[in-house]
1. Wrap a convex hull around the Cα atoms of the chain, take a quarter of its surface area, and give that in square nanometres.
2. Normalised by the residues of the chain, what does the relative contact order come to in percent, with Cα pairs under 8 Å and at least six apart?
3. Could you check the simple spin-label distance between ALA199 and GLU290, using points 7 Å along Cα→Cβ, in nm with one decimal?
4. What percent does the relative contact order of region 102-285 come to when contacts are Cα pairs within less than 8 Å and at least six residues apart?
5. What full-extension length gain, to one decimal in nm, is calculated for GLU149 and GLU238 as 0.36 nm per residue of separation minus the Cα-Cα distance?
6. Take the Cα gyration tensor of region 102-285, multiply each eigenvalue by 5, square-root it, and list the three semi-axes largest first, rounded to whole angstrom.
7. Set Lys and Arg Cβ to +1 and Asp and Glu Cβ to -1, take the dipole of the chain about its Cα centre, and tell me which of LEU166, LEU152, TYR42 lies farthest positive.
8. What percentage of all Cα-Cα pairs in region 47-97 are separated by more than 16 Å?
Amino acid sequence: MSQLLVFKPNITPGDMHPHFYPDFATFFNARYAFAYEDSCFYYALSENYPFNHLAIEEQKSKDTTLEDWIKNKFKATDIRPSLNQAGKFYKRMWHPPNYLPPESLISNPESYTQSLVVIELLIKKMNELFLTIEPTQKNVHVFGLKIRELLLLACMEVEASWKGVLKEHEYIKNSKQSWNTKDYVKLLEPMCLANYTLALRSYPNFPRFQPFSCWRQNRPTKSLYWYNAYNNTKHDREASLHEATLLNAIHSVGAVVVMFCAQFGIPQEQKTLFDIATSTFSIYVKPCPERFYIPFRTRDTANPEFSDSKYCVLSGQRYKS
């Protein structure tokens, strides 16, 4: 399968010609677009790609490369290779936009539902805390046993999500030790965890936060402040209860929400178990177009094609089907 390129199209309505497809207009004002090729044709689609439409296509020339074609056709700039291949995706790793049906990412429906139920329980516990402790800047360092309970439960759920994704991609550790943050941090980049920002809807004065933005490969436990607090207060409550703060508890619950979204997307339907999360948190995602799942659809395929793979960094095998 051919390389997938990401680029910035710079065409204007004045570049329109009669022989162009009507879908050419989807490239106007697009922030990014994508191109790939098969043995006979070049193909391109924009971020505004209508899923039931074909990509723009043009017959290949032996003297023109795919990169040359998008430069000539779309005045492409900021051209870079995608980190994925057209038509490939990884279960339990969601990337916007929804070219891929979100249900394709679910490998175990029971586990998916359990995750939603846990989110509901954790947010209810957090909101109960807010009846006693107002989540303001003045109170972020308040600590106590009920806060510790929430911190422990939330971080245990984050760990469960980490392990679930690693198992999905057949991750094999080099040593016989149990998985730890040295293993879990390998999910940071492929799941774009640092790209998520959360805010408490009902408490606008509580600062926005990014639960995973500080996570570092070289300090995978201590750099993740809320998880480090969980680790300390779990193993030595008497010495580390002061680390079970309201701030760490809220951020750990936010991390649970981020891990769900990074696996399965942000549900758009109303009246779902996830509604409590979207009514409690505003969720912002900075897109990473190099990781978008782009359908492989050509003139020879009736429908957009996708097939799931194991993520190579985790499984040790490249593009394993």
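1. Working: hull surface 77.3 nm².
For the Cα atoms of the chain, the hull's average projected area reads 19.3 nm².
2. Computed value for the chain: 24 percent relative contact order.
3. Going by the 7 Å Cα→Cβ label model, 2.8 nm.
4. 35 percent
5. Gain on stretching GLU149 to GLU238: 30.6 nm.
6. Details: eigenvalues 118, 95, 41 Å².
Equivalent ellipsoid semi-axes, largest first: 24, 22, 14 Å.
7. Most positive-ward Cα: LEU152.
8. 60 percent
Bear in mind that the values in this text are calculations on the coordinates, not laboratory data. All values derive from a computational prediction rather than experimental measurement. Note: ideal-geometry Cβ built from the backbone for every residue, glycine included; neighbour counts use all protein chains shown.
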